[in-house]
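Comments concern the structure below.
The values are calculated or read from the model by the stated rules, or taken from the named source; none is laboratory data. Values in this document were obtained by computation on a predicted structure and should not be read as measured data. Each accessible area value is taken on the protein alone, full model and side chains, heavy atoms only, with ligands, DNA and RNA left out. Shrake-Rupley method; radii C 1.70, N 1.55, O 1.52, S 1.80 Å.
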Amino acid sequence: MTLVYISLGSNLGEREAHLSDARRRLELHGARLLRTSNVIESEPFGVADQPRFLNQVLEAEWDGSPRELLAATKQVEGEVGRTPSVHWGPREIDVDILLFGEEHLAEPDLVIPHPGLRERKFVREPLRELRPDILEKT
């Protein structure tokens with residue numbers, strides 16, 4: 001099992017319900033949730049003219065590869081109701097892999113650690129809540 005950190009974000013519809021649904025569905029897809037950060041509200045990133053986000057970071061164990069976890073996160077986004085939108089636009093749910101054990105990957109559709117980990121407060125602060133030491137290690 002690999003210790004992974006996953007971020008959730010939602011700024012459309014029933015935001016809290018979308019986060020809860022995503023947590024539940026990640027478990028159905030094989031993630032074993034260990035801990036969750038508090039939910040925070042944040043300003044949108046990239047495209048300012050949209051509703052505020054609710055964000056949360058999950059600590060979980062995963063028994064597959066990073067590519068399999070990526071497939072699960074995309075499946076969960078679809079199941080929760082994410083619809084196509086502009087880049088950084090509004091969305092029902094966003095599920096991103098932040099960290100996957102000690103792995104470092106740089107593929108066109110999968111970069112680990114997540115490239116926005118350090119500069120995005122809505123990811124950094126909830127991650128720091130779970131692992132105050134982690135940002136010094138990445």
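If contacts are Cα pairs under 8 angstrom and at least 6 residues apart, what is the relative contact order of the chain in percent?
Relative CO of the chain lands at 33 percent.
For the chain, modelled as a GNM with alpha-carbon contacts under 10 angstrom, which of R23, R67, R91 fluctuates the most?
Comparing R23, R67, R91 in a Gaussian network model of the chain, the most mobile one is R67.
Can you compute the helix-only [θ] at 222 nm over the chain? Use -39500 (n - 2.57) per DSSP H run of at least 4 residues, normalise by all residues, nearest 500 deg cm²/dmol.
Theoretical 222 nm ellipticity from helices: -9500 deg cm²/dmol.
Tell me, what is the per residue accessible area of region 49-138 in Å², probe radius 1.4 Å?
51 Å²
From the phi of every residue in region 42-59, what ³J(HN,Hα) in whole Hz does the Karplus formula 6.51 cos²θ - 1.76 cosθ + 1.60 yield, where θ is phi - 60° and glycine or proline is x?
Those phi angles translate into 9, 6, x, 10, x, 10, 6, 7, 7, x, 5, 9, 9, 10, 7, 10, 10, 9 Hz.
Need the C-alpha centroid separation for region 1-73 versus region 105-130, integer Å.
12 Å
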